[in-house]
Amino acid sequence: MKTQVAIIGGGPSGLLLSQLLDRKGIANVVLEKHTRDYVLGRIRAGVLEHGFAALMREAGVGERMDSEGEIHEGFYIATNGERRRVDLHGLTGGNSVVVYGQTEITRDLYDGREKSKGQVIHEALDVQLHGMETDAPYVTYRKDGEDLRIDCDYIIGCDGYHGVSRASIPADRIRTYERVYPFGWLGLLSHTKPVSPELIYARHERGFALCSLRSQTLSRYYVQVPLTDKVEDWSDDRFWGELSSRLPEDVAASLQTGASIEKSIAPLRSFVAEPMRYGRLFLAGDAAHIVPPTGARGLNSAASDVYYLYHAFLAHYHEGDSSGLDAYSDKALARVWKGQRFSWWMTNLLHTFPDHIPYDRKLQQTELDYLFSSRNALASLAENYVGLPF
Ligand code: RFL
Ligand code: PHB
């Protein structure tokens, strides 16, 4: 088979790029290791920047997001038994975020690809990248026991942190930066009314907690847990008890509990690979960078990579101008690092670290007090949370 752009990974990055390129007549194929149901079974992001939402609309798949997603004009930070609101709308001159699950985004993208008869090949096994440093790269894979090959102009690695694309770059051509945090987030999804119509990020001596949602009948909660904890250690009752203990009393009093639909632990990690290009291979999304979920940047950083690549390919294929492709890595990384900074800052502000000394806790509290005493400091938080310009 021959195509222009071979995309490895059918998560949100790969599907969004595929959909955008296809609408502009740029041929592409997506190779996804897992089944569609498996990809849709992963409960992840919930908060989308307005720029991401605009990209979904441009891809022609924003309709359900616009009707079912919730626009959030603010969120809360709770500490010492009280919660204070960050007025995103007021602080950014009218911007907001959209609360709409990654599962739904991915479903809409799959539907969009299906409608346009896009090629998304599931259960593509043993994907291997070849000739990235030549003008004739190709990808090989196995499907239903058959060995297959796709010749292409470019390969895009959208296959997440554990994918094959980044691993195919010779070690001396890539540099990685990494911080592993000494805790994870235990997440629980339940068919219950969310405790608050807007998200609550809670700092507490027992550890961080987050009250999020997918809709007014579907809640998503997280508590910070040690890395040694296993999901089996956490009965639903234990989870609800721990969450309640970390929230202000009035919030905890109105918490509606119920059976979990999903429960999982995600370790927290910051990671960046540089550059995001090796010859004719370009990396995008989690394949190139990871953030702890605290600042809700992960999927949004992936979307900015897709935005830059999409525009670079348009210029390349429609106008014969390859400067966007050449500038891609530098441009994408500049924004990626700002997302890293913000996620690191939010993570440090709100979590309890095992090596914290009382001095560190005092500084954390002072940072929060300063934040809520200064409109400039709050405006900086708000402009990062709603998303810096692409
Ligand atoms: P994905 O979603 O990991 O998709 C990669 C796809 O590639 C496939 N794959 C392969 N395919 C072919 N061959 C191979 N060898 C392959 N290896 C892997 C995989 O099966 C998969 O389908 O990466 P992508 O598309 O770059 O998307 C990134 C996002 O998923 C991620 O950044 C976010 O989920 C991060 N994140 C959040 N981001 C936000 O912007 N806002 C949030 O509120 C937010 N909350 C979160 C999050 C991530 C979390 N976890 C679990 C890490 C909350 C959590 C708990
Ligand atoms: C979520 O709803 O899953 C979520 C929301 C905000 C975050 C992280 C995760 O910062």
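Taking each residue of segment 270-288 that is farther than 25 Å from Trp345 by Cβ and looking for partners that are among the acidic types (Asp, Glu) and at pLDDT 95 or above with beta-carbon atoms closer than 8 Å, six or more apart or interchain, yields Tyr278/Glu133; Gly279/Glu133; Arg280/Glu133; Arg280/Asp135; Arg280/Asp153.
Scanning segment 248-288 for residues that are away from ligand 1 (no atom under 11 Å from the Cβ), farther than 19 Å from His204 by Cβ, part of a loop (DSSP other than H, G, I, E, B) and open to solvent by less than 40 Å² (accessible area, probe 1.4 Å) yields Gly258, Met276, Gly279.
Looking at segment 107-127, can you tell me whether even one residue there is of a type in the set (D, E, K, R), touching a Leu at 6+ places or on another chain (Cβ under 7 Å), surrounded by 19 or more Cβ atoms within 10 Å (Cβ to Cβ) and modelled with pLDDT of 95 or more? There is at least one residue in segment 107-127 that is of a type in the set (D, E, K, R), touching a Leu at 6+ places or on another chain (Cβ under 7 Å), surrounded by 19 or more Cβ atoms within 10 Å (Cβ to Cβ) and modelled with pLDDT of 95 or more. Scanning segment 186-203 for residues that are out of contact with any Gly (no Cβ under 8 Å at 6 or more places or on another chain) and either farther than 19 Å from Asp237 by Cβ or charged (D, E, K, R) (or both) gives Lys193, Pro194, Ser196, Pro197, Leu199, Ile200, Tyr201, Ala202, Arg203.
Taking each residue of segment 133-149 that is at pLDDT below 95 and looking for partners that are open to solvent by less than 60 Å² (accessible area, probe 1.4 Å) with beta-carbon atoms closer than 8 Å, six or more apart or interchain, yields nothing. Taking the stated definitions as given, is Gly69 in contact with a Leu (Cβ under 8 Å, 6 or more places away or on another chain) and crowded, with 21+ Cβ neighbours inside 10 Å? For Gly69, the condition - in contact with a Leu (Cβ under 8 Å, 6 or more places away or on another chain) and crowded, with 21+ Cβ neighbours inside 10 Å - is met. Is there any pair with a first residue in segment 62-81 that is aliphatic (A, V, I, L, M) and a second that is assigned to a helix (DSSP H, G or I) whose Cβ atoms are under 6 Å apart and which are 6 or more apart or on different chains, and what are they? Between residues of segment 62-81 that are aliphatic (A, V, I, L, M) and residues that are assigned to a helix (DSSP H, G or I), the close pairs are Met65/Met56.
Within segment 36-61, the set of residues being of a type in the set (Phe, Trp, Tyr) and either touching a residue at least 40 places away in the same chain (Cβ under 8 Å) or part of a loop (DSSP other than H, G, I, E, B) (or both) comprises just one member, Phe52. The single condition among (1) surrounded by fewer than 18 Cβ atoms within 10 Å (Cβ to Cβ); (2) over 26 Å from Gln224 (Cα atoms) that Ser165 does not satisfy is (1).
The values are calculated or read from the model by the stated rules, or taken from the named source; none is laboratory data. The structure presented is a predicted model; accordingly, all values stated were derived computationally and were not measured. Using ideal geometry, Cβ is built from the backbone for each residue, glycine included, and neighbour counts are taken over all protein chains shown. The protein model used for the area step is the full one, side chains on, heavy atoms only, and it has no ligands, DNA or RNA in it. Shrake-Rupley method; radii C 1.70, N 1.55, O 1.52, S 1.80 Å.
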